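K.L.:
I have a structure I would like to understand better, so I am pasting it below and will then ask my questions one at a time.
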């Protein structure tokens, strides 16, 4: 007799995974719960049920809920960095590249509000236990900044000024994403890209014609 598939939360079939892929399956399940039910419903027990493993199974990969949250945050920063990488172009000038990065950042924040809030929440960025010399969350979280910083270093010769501009630009897109996400601003025609264009001084599509 064929064994019936275990049912996860929300009446959905539990995720399946290949041997050795349980950690990623748990992170994927955690992101789904975060998106559908919110952070309060996210737990090691909940992700285990969704994947279809025993309640003890997640502990072979995550010591506690905080470790799971850090892994989910790392996956979010990885996705954000990959999104920025995808809009890079070798034949694009740095100013336009920075505008594309800013637009992609805000798009990501608005399209993934739950994990974005988790990513920029007050989670301690430094693990209290030195589990390894390289922390996955910190490693992934630095990638989007590094991409933006590289573009600014190509734009201005002074590296200290480029670093300052990078921090300013990061603060700007984060603030804009938060304001839009909370519904606190009315955007002009052209949306948030037009706001970023005005702030960065990049020429509009009409001006380029």
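K.L.:
How many residues, within segment 71-94, are touching a helix residue (DSSP H, G or I) at 6+ places or on another chain (Cβ under 6 Å) and part of a helix (DSSP H, G or I)?
P.N.:
Summing the residues that are touching a helix residue (DSSP H, G or I) at 6+ places or on another chain (Cβ under 6 Å) and part of a helix (DSSP H, G or I) in segment 71-94 gives 13.
K.L.:
Continuing with this model, one more query. Of the numbered conditions (1) modelled with pLDDT of 95 or more; (2) on the phi > 0 side of the Ramachandran plot, residue 190 fails exactly one; give the number of that condition.
P.N.:
(1)
K.L.:
Can you report the number of residues in segment 95-106 which are without any contact (Cβ under 8 Å) to a residue 60 or more places away in the chain and out of contact with any helix residue (DSSP H, G or I) (no Cβ under 6 Å at 6 or more places or on another chain)?
P.N.:
1
K.L.:
Scan segment 37-51 residue by residue and report those that are part of a loop (DSSP other than H, G, I, E, B) and surrounded by fewer than 19 Cβ atoms within 10 Å (Cβ to Cβ).
P.N.:
If the condition is that a residue be part of a loop (DSSP other than H, G, I, E, B) and surrounded by fewer than 19 Cβ atoms within 10 Å (Cβ to Cβ), then 38, 43 are the ones that fit.
The values are calculated or read from the model by the stated rules, or taken from the named source; none is laboratory data. Note that this is a predicted model, so its numbers are computed, not measured. Every residue, glycine among them, receives a Cβ derived from its backbone with ideal geometry; neighbour counts consider all protein chains shown.
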